[in-house]
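Below is one structure, written out as structure tokens, with a few remarks after it.
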Amino acid sequence: KANETGVVEVLAGKTPEIRNQILLLLSSKKAAEISTLEGKQQLSQDILQSLKQKIESEELQADILDLLFTSFIIQ
């Protein structure tokens, strides 16, 4: 979830880097860590921080509002 600013374009241009970072983060988690509501909320915050680190402009970082899961499968 983001404001309709240049941040959307910046994120789109960094999609491979972002996907890689998220996959590395997800693979570092154990199922027990993310099976609770608190665990999912923490994962959301961790991914959000990871996204913001990929953007140099603090102004654009502020335009990233939240990370929303549309589905969540733990195997």
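Every read-out reported here was derived from the displayed coordinates using simple, explicitly stated rules and does not represent laboratory data. Everything quoted here is computed from the prediction, not taken from an experiment. All Cβ positions, glycine included, derive from the backbone under ideal geometry; neighbour counts span all protein chains shown.
Stretch Asp66-Lys52 to full length: gain in nm at 0.36 nm per residue minus the Cα-Cα span? Full-extension gain reported as 4.0 nm.
A crude spin-label estimate for the pair Ser28 and Val8, with each label 7 Å from Cα along the Cβ direction, gives 3.0 nm. Among the helices of the chain, those built from whole DSSP H runs whose Cα atoms reach 20 Å or more along their own axis and whose mean Kyte-Doolittle hydropathy is at least -1.0 are 37-53.
How large is the Rg to Rh ratio of the chain when both quantities use alpha carbon positions and Rh follows Kirkwood? Expressed as Rg/Rh, it is 0.98.
Close amide H contacts of Ala2 (hydrogens built in the peptide plane, cut-off under 5 Å, sequence separation of 5 or more or a different chain): Leu65.
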